[in-house]
Amino acid sequence: MALWGMVIDLDRCTGCQACVMACKAENNVPAVGAKEANRGRTISWMQVLTEVDEHDPLGKVRFLPRPCLHCDDPPCTRVCPVYATYRNPEGIVAQIYARCIGCRFCMAACPYNAKYFNWRTYLTEGPGQNPDVSVRSKGVVEKCTFCHHRLQKARERALAEGREMEPGEYIPACAEACPTRAIVFGDLSDPDSEVAKLARSPRAFRLQEELGTRPKVIYLTEGEARG
Amino acid sequence: MAEVDTRDAILLAPIEQTGRGFYWALALLSLAILWGGIAYAVQLNEGLGVTGLHQPVSWGFYVTNFVFFIGISHAGTLISAILRLSRAEWRRPITRMAEVITVMVLFIGAGQILVDLGRPDRVMNVIRHGRYQSPLLWDATSISAYLTASLVYLYLPMIPDIALLRDRLGKRKLLYTVLALGWRGTKRQKKVLNRAISVMAILVIPIAVSVHTVVSFVFSMTLQPMWHSTIFGPYFVVGAIYSGIAALIVAMLIFRKAYGLQGYLKPIHFRYLGQLLLVMSLLWFYFTFTEYLTGYYGGEVEEMKVFWGKFTGPFWPFFWGMVLTNFLIPLLCLVRLHRHSIGKVLTASVSVLVGMWLERFTIVVPTLSYPRLPFPGGVYWPTWVELGETAASFALFALFYLLFTKLFPIISVWEIQEGREMGLKEVEERLLTYLPETAEGGAHGS
């Protein structure tokens with residue numbers, strides 16, 4: 001069975017936010033409006049976090065694109081009282097919007113703040129949306145799914161054509177949109193896949209590794225910054 | 001069997017007649033409840049966006065209130081059970097007041113979670129798809145067990161008093177007849193009742209301890225800085241009993257004044273409870289000190305962000321306000337209780353109620369305000385919706401309590417009578433058994 005994962009090369013990231021916009025369009029992620037955004041209610045499954053480099057005399061800004069890290073041992077799924085969030089056998093941490101009661105325990109438990117809440121009705125079904133992704137109602141938690149619907153589509157296409165799914169047939173919108181190829185996606189359980197090779201790089205690290213959550217989004221450090 | 005000592009007629013007076021004060025209180029409380037009702041209607045319609053909650057502070061007033069009110073619930077049943085089991089004679093006018101707090105406040109506390117849900121219409125999913133891996137399910141189990149046990153424990157010692165009302169009072173005959181369960185005060189009935197009360201008193205203690213332990217687990221089972229702590233269970237239980245006693249004292253003083261119960265609730269009762277409050281204050285400080293010192297000494301980066309956020313950061317008024325109201329003021333008020341004991345105990349209790357609310361707030365909100373990753377931060381500030389809901393919660397609790405006192409005697413009539421008739425003799429006999437048997441005049445040995 002596949003174990004889906006992602007490598008993000010921070011040396012290549014320019015902070016252009018193409019991944020953020022591609023994600024929003026792909027997953028019907030609502031634009032909450034300026035008023036709500038100022039209140040800290042932006043929903044951004046893929047979020048580019050910024051940090052000013054303290055060691056740089058010019059105050060260079062560093063970027064950290066952060067989707068859901070799809071932990072292999074996710075703190076969020078443990079606390080869900082209704083099985084609305086769970087890790088599926090292929091390692092994707094999923095959210096069942098139709099079951100979520102909106103207690104926000106998973107948000108409080110996620111050390112990466114990768115979960116978002118629909119504080120109001122931000123979006124209703126309408127034209128121009130991706131029909132493969134359901135629109136979330138107010139009062140439920142949502143999050144990055146590694147564009148799980150694309151996996152289902154790729155698998156069905158392969159099935160219809162009577163063949164195995166090829167590597168590269170399923171990639172999330174953010175990886176597809178990245179102009180510098182900073183985001184690489186694939187099957188971590190296949191040692192020959194590009195993503196698995198990169199994950200073995202000496203530059204590879206995981207966010208808050210010491211927490212033992214074992215994220216499946218792996219970062220490559222900035223070579224120069226590290227010296 | 002159902003005669004009342006004329007001396008105790010005052011205990012039934014609030015049920016027999018209603019004064020103007022009651023309607024004023026009713027109007028005032030209804031106003032606060034109306035505010036909360038409107039706030040909740042707006043929230044239900046527009047979503048939790050009408051509150052001040054945001055990313056990353058996704059829990060605020062509602063969860064603080066939840067922990068606070070569930071904490072208050074420890075006043076009653078636990079204290080009453082301990083006093084009964086230790087056969088403390090001074091318990092007699094207190095136990096029912098305490099037990100009523102528990103039952104009423106548990107409804108309010110559990111209700112906070114319902115208010116906090118984004119999709120309250122799906123609350124039954126907790127039963128339909130409930131998953132015991134989640135500490136919230138432990139809460140649901142523990143709190144419903146506590147509510148059931150507390151209700152039974154409140155009801156059992158009420159039966160003789162309800163029978164009294166059935167026989168004496170002209171009104172609400174059906175209600176009292178049904179609830180009295182055919183009590184006639186026979187020897188056998190009394191024996192069964194006393195046995196049942198003892199069993200419930202023992203049963204209720206472990207349940208009460210479990211309740212606040214699992215409430216703390218909601219926080220300590222996560223990996224978040226200053227939540228992930230092993231002493232949170234006992235720390236929360238101590239805080240719960242602490243705030244519970246304070247709430248009990250305030251309730252006692254209010255009804256002492258309103259219903260003229262000075263003859264029953266004497267300064268000695270408040271001195272004893274004040275001493276208990278002082279012990280809990282020191283215990284609470286001990287836990288708080290240990291918790292923060294270990295955090296500080298470890299010096300873990302994420303812990304320290306939250307730590308300094310509380311000590312000198314934006315949460316300093318809450319943190320130092322908590323230290324002042326939860327430790328310094330009670331300590332100053334309670335160390336010497338010889339004179340002005342009632343005023344001092346009241347000041348300390350009100351202070352502790354404020355302080356324990358602040359304590360719950362400084363546990364819930366600061367941790368969420370300092371995410372590990374470099375997120376744009378934001379300070380949580382409640383809107384009129386949360387304030388209204390909070391005001392309504394307190395008012396609803398007061399209203400429930402008030403209505404209870406209009407239906408049932410708030411001081412157990414039969415237990416006071418029992419104290420007069422049998423308690424004295426029993427204590428004397430018990431005292432004799434403590435003393436060396438050779439002494440002839442042992443009864444004077446006190």
Criterion: in contact (Cβ under 8 Å) with a residue 12 or more places away in the chain, more than 14 Å from chain A (Cβ to nearest Cβ) and not hydroxyl-bearing (Ser, Thr, Tyr) - qualifying residue of B:Val126, B:Val105 | B:Val105
Considering every residue within region B:262-273, establish whether at least one is free of Cβ contacts under 8 Å to residues at least 24 places away in the same chain and buried (at least 17 other Cβ atoms within 10 Å of the Cβ).
-> no
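Residue by residue, here is whether (1) within 23 Å of the chain's Cα centre (by Cα); (2) more than 14 Å from chain A (Cβ to nearest Cβ); (3) of a type in the set (Val, Ile, Thr); (4) crowded, with 16+ Cβ neighbours inside 10 Å holds:
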residue	(1), (2), (3), (4)
B:Phe375	no, no, no, yes
B:Trp381	no, no, no, no
B:Leu396	yes, yes, no, yes
B:Leu403	yes, yes, no, no
B:Lys425	no, yes, no, no
Every residue from region A:11-46 that is assigned to a loop (DSSP other than H, G, I, E, B) and more than 19 Å from A:Glu176 (Cβ to Cβ) | A:Asp11, A:Pro30, A:Ala31, A:Val32, A:Gly33, A:Arg39, A:Gly40, A:Arg41, A:Thr42, A:Ile43
Could you list, in sequence order, the residues of region A:117-162 that are within 23 Å of A:Lys216 (Cβ to Cβ) and loosely packed, with under 14 Cβ neighbours inside 10 Å?
-> A:Gln152
Does region B:49-58 contain at least one residue that is under 25 Å from B:Arg256 (Cβ atoms), surrounded by fewer than 24 Cβ atoms within 10 Å (Cβ to Cβ) and over 26 Å from the mean Cα position of the chain (by Cα)?
-> no
Some residue of region B:27-45 being free of Cβ contacts under 8 Å to residues at least 40 places away in the same chain, within 14 Å of another protein chain (Cβ to nearest Cβ), farther than 24 Å from B:Arg420 by Cα and out of contact with any Asp or Glu (no Cβ under 6 Å at 6 or more places or on another chain) | yes
Looking only at region B:82-95, decide whether some residue is assigned to a loop (DSSP other than H, G, I, E, B) and within 14 Å of another protein chain (Cβ to nearest Cβ).
-> no
Mind telling me which of the residues A:Gly59, A:Gly91 ends up being free of Cβ contacts under 8 Å to residues at least 60 places away in the same chain, assigned to a loop (DSSP other than H, G, I, E, B) and either of a type in the set (D, E, K, R) or at positive phi (or both)?
-> A:Gly59
Report yes if B:Leu253 is within 14 Å of another protein chain (Cβ to nearest Cβ), surrounded by fewer than 23 Cβ atoms within 10 Å (Cβ to Cβ) and either in contact with a helix residue (DSSP H, G or I) (Cβ under 6 Å, 6 or more places away or on another chain) or in a helix (DSSP H, G or I) (or both), otherwise no.
-> no
What helices (runs of 4 or more DSSP H) lie completely within region B:274-362 and have 1 or more residues being in the same structural domain as B:Phe255 (by TED's automatic domain parsing), buried (at least 16 other Cβ atoms within 10 Å of the Cβ) and among the aromatic types (Phe, Trp, Tyr)?
-> B:301-311, B:316-323
Which ones in region A:88-108 are within 12 Å of another protein chain (Cβ to nearest Cβ) and closer than 17 Å to A:Cys147 by Cβ?
-> A:Ile96, A:Tyr97
Which condition number in (1) within 28 Å of B:Phe361 (Cβ to Cβ); (2) free of Cβ contacts under 8 Å to residues at least 60 places away in the same chain; (3) surrounded by fewer than 24 Cβ atoms within 10 Å (Cβ to Cβ) is the one that B:Val237 fails?
-> (2)
Given the conditions (1) within 14 Å of another protein chain (Cβ to nearest Cβ); (2) surrounded by 15 or more Cβ atoms within 10 Å (Cβ to Cβ); (3) among the aromatic types (Phe, Trp, Tyr), and given that B:Tyr155 satisfies all but one, which numbered condition is not satisfied?
-> (1)
Which one of the conditions (1) crowded, with 20+ Cβ neighbours inside 10 Å; (2) in a helix (DSSP H, G or I); (3) under 27 Å from the mean Cα position of the chain (by Cα) does B:Ala163 fail to meet, given that it meets all the rest?
-> (3)
Based on what the data block shows, is A:Glu51 assigned to a helix (DSSP H, G or I), within 12 Å of chain B (Cβ to nearest Cβ) and modelled with pLDDT under 95?
-> no
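The values are calculated or read from the model by the stated rules, or taken from the named source; none is laboratory data. Everything numeric here is computed off the predicted structure, so don't read it as measured data. Ideal geometry is used to build each Cβ from the backbone, glycine not excepted, and the neighbour counts take in all protein chains shown.
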